[in-house]
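Comments concern the structure below.
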Amino acid sequence: MQTSSIHGMWSSRLAFVLAATGSAVGLGNIWRFPYITSENGGGAFVLVYLVCIFLVGLPVMFSEIVIGRRGRMSPINSLKELSDDAGKTRAWMGLGVLGVIAGFVILSFYSVVAGWTLHYGFLYFKELIGMGQPITDPAETFTGLLANAGELTFWHGLFMLMTVAVVALGVEKGLERAVSILMPMLFVLLLILLGYGIQTGHFMEAVSFLFRPDWSQLSFGMVVTALGQAFFTLSLGMCAIMTYGAYLPSNANIPAVGTTVAISDTVVALIAGLAIFPVVIAFGIDPAGGGAGLIFTSLPLAFAEMPFGIAYGMAFFLLLSVAAWTSSISLMEPATAYLVESTNLSRKGAALCVAAVAWMLGLVSVFSFNLWAEVSIGGRSLMDAKDFVTSEIMLPIGGLLTALFAGWALSSAISREELDNKMPNWAYTAWLWLARVGAPGLILIVMAGRLELF
Ligand code: TRP
C-alpha cells in the first residue's frame, strides 16, 4: 500500500478539507444553484436536491476518496492498479478517461462564467476609483457583455491563466493558503448579503419559494437536473475528489472529512439561495424566469442601493472569482496528474497543455453568446449543451461507476480499512450497500425515467 503520492501531499487533514471544500464551493453554489432552482420552480427541486446529496452524493464522495487514497495516483492509473490488484478488468480505467474528458468540458465553460465574475469585480473596481460608469441597468450591462466576444475571451483567458499558474506550482504551495483566508471572507460577505436580504422584507417569500414544495413540478427531468446539480456542486463524478484523495494522509478519517465537505458545501448553497432570492423578489424579477444571468442581473440592483454598495459589489464578485478559482484547480488537476505520470512532460508543461486545450474549447462557449448564437443542439445553445451533457449525463454516469467500483471491485477488506476501522459497523454497512446498490440504482432509475424507458 502506497502511503504517499508522487505529486505531493496535503500537509494535514485540515488542508484536504480546505482544498476539497474549495473545490466544492464555487460557481455551482452561488451562480448555478440559484438559477437552476429558479428554472425548476423552487421548493420541490431543492428538497430533491438535498435527498440526492445525502443518498447519492455522500456515498459517492466516500467512494472517490477511498479509491484515490488507495491508488495514490491520477484516476486513470489508480483505477488501473487497483483493478489489477483485485484481479478485475482494466476496462475500469474508462471511468478515469470519462472523468478527464468531463473535466475538460466543464473547465471550458466554467472558466467563461468565472470570467464574467472577474469582469464584474473589475467594473465595480473602476467605479470605486471614479473611472467607470455605474451599473444602472444590470440587464443591459449583462447582455452587452455577452455580445462582446473579445471581452469574454479576455476574461476567460485571464481566469485560465490564474488556474494554470496554481496547478503548475503543485499541491502544497499557493492553494492551501489562498483557500484558508479567502473562503471564510466570502462566507462573511454572503452572511452580510443575507442580512440585506432579510431587511428587504421579502425574506419569508424567499424561504417559501426555496422550501415549500410544489410537487406538480416533480418530473424525471427535474430529478435528473437535481441529481446533476448535486454532483456538480460536490465536485463529484469526474474523479476530481478522487485525485484530491490521492494526496490525503493515510491517518485521515475519510467519513469525517467527506461529510464535512458535503455539509459545508450544502450550507453555502442554501445561504446563497436565502441571500439572493429576497433581492430577486424585492426588485420584481420573476424568480421563475431564472436564466444563467440571474445573479448578474439581480445583485447589482441591491449593490446600487446598499451603503458602500460599490465596494461591496467589488468584494463580492472578486471573492466569488476566488471561489471559482479554487474549484477550477480541481478540474485541471486530474488530467495534469495523468500527463505527468504517463508522458515525460513536467508538471508545468502538462498543466499548460491542459489549459491550452480547455481554453480553446472554452471559445465555443464564448461564441455561443454572440458569433454562434444561432447554433443550437437539441434546442440548447452550445454553452447550455456543454453544461447539460456534463452535469446531467457524464457526472451521474461517472458517479455510478465510481460507486460500483468502490462497492464491488474493491474488496470490503480494503474499503473497510480505508474508511477507518473505527467507523461503526452499521455505518460501514450502510455505505457499502448505498455504494453497491442504492446510489447506482437511484441514478439508473432516474436516468431511465428521463429517457422514458418505462
Ligand atoms: N463544485 C464546483 C462548483 O460548485 C465545480 C467543480 C469543481 C466541479 N470541480 C468539479 C464540478 C468536478 C464537477 C466535477 O462550483
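The values are calculated or read from the model by the stated rules, or taken from the named source; none is laboratory data. Treat the numbers as computed from the prediction; the structure is a model and nothing was measured. Because the Cβ atoms are built from the backbone with ideal geometry, glycine has one as well, and the counts that use them run over all protein chains shown. The protein model used for the area step is the full one, side chains on, heavy atoms only, and it has no ligands, DNA or RNA in it. Shrake-Rupley method; radii C 1.70, N 1.55, O 1.52, S 1.80 Å.
Could you compute the net charge surrounding GLN229? Neighbours are other residues with a C-beta less than 14 Å from the C-beta of GLN229; K and R count +1, D and E count -1. My count for the surroundings of GLN229 gives -3.
When the Cα positions of PRO255, GLY28, LEU371 are compared along the charge dipole of region 13-450, PRO255 comes out farthest toward the positive end, with charges on each C-beta of Lys, Arg, Asp and Glu.
Loop sites here are GluC sites (Glu not before Pro) outside DSSP states H, G, I, E and B with no more than 11 other Cβ atoms within 10 Å. The longest part of the chain free of them is 1-373.
Placing +1 on the Cβ of every Lys and Arg and -1 on the Cβ of every Asp and Glu, with nothing else charged, gives the chain a dipole about its Cα centre of roughly 1080 debye.
The loop-placed trypsin sites (Lys or Arg not before Pro) in region 399-443, going by DSSP, that have at most 10 neighbouring Cβ atoms within 10 Å of their Cβ come out as LYS422.
Compared with the alpha-carbon gap, the fully stretched path from LEU161 to ILE101 is longer by 19.6 nm at 0.36 nm per residue.
Taking a ≥ b ≥ c as the square roots of the eigenvalues of the Cα gyration tensor of region 333-454, is the shape rounded (a/c under 1.5), prolate (a/b larger than b/c) or oblate? Oblate shape, in that a/c is at least 1.5 and b/c is the bigger or equal ratio. Here is the list for region 296-332: chymotrypsin sites (Phe, Trp or Tyr not before Pro) lying in DSSP coil, each with at most 15 other C-beta atoms within 10 angstrom of its C-beta, are PHE308.
At a probe radius of 1.4 angstrom, the accessible area of region 13-450 per residue rounds to 36 square angstrom. Here region 13-450 has 69 percent of its accessible surface on carbon and sulfur atoms, given a 1.4 Å probe and all protein chains in place. The MET306 and PHE211 beta-carbon pair, evaluated with R₀ = 25 Å, returns a calculated FRET efficiency of approximately 0.45. The slack in the chain from SER342 to ALA86, taken as 0.36 nm per residue of separation less the alpha-carbon distance, amounts to 89.9 nm. Between the listed residues THR143, LEU58, LEU190, the Cα displaced farthest toward the positive end of the dipole of the chain, a dipole computed from Cβ unit charges relative to the Cα centre, is found at LEU58. Only aspartates and glutamates eight or more places from LYS80 in sequence, or on another chain, were considered; those with a Cα closer than 19 Å are GLU64, GLU333, GLU341, GLU418.
Model label sites at ASN251 and MET131, defined 7 Å from Cα along the beta-carbon direction, differ in position by 5.1 nm. If you fit an axis through the alpha-carbon atoms of helix 395-404 and take the longest principal axis of the Cα set of the chain, what angle between them do you get, 0 to 90°, nearest 10? Taking Cα atoms only, the helix is inclined about 20 degrees. Checking every one of the trypsin sites (Lys or Arg not before Pro) in region 1-101 against DSSP loop status and a limit of 15 other Cβ atoms within 10 Å picks out LYS88.
Using Cα atoms only, what is the angle between the long axis of helix 254-282 and the major principal axis of the chain, expressed in degrees (0 to 90) to the nearest 10? Tilt of helix 254-282: around 20 degrees.
With both labels modelled 7 Å from their Cα along Cα-to-Cβ, the VAL188 to ALA149 distance reads 4.3 nm. Peptide packing for 397-403, 53-59, 211-217, 197-203 was compared via the average number of neighbouring C-beta atoms within 10 Å per residue; ordered from the highest value, the list is 397-403, 53-59, 197-203, 211-217. For the chain, the longest principal axis of the Cα atoms and the long axis of helix 294-305 meet at an angle of about 50 degrees.
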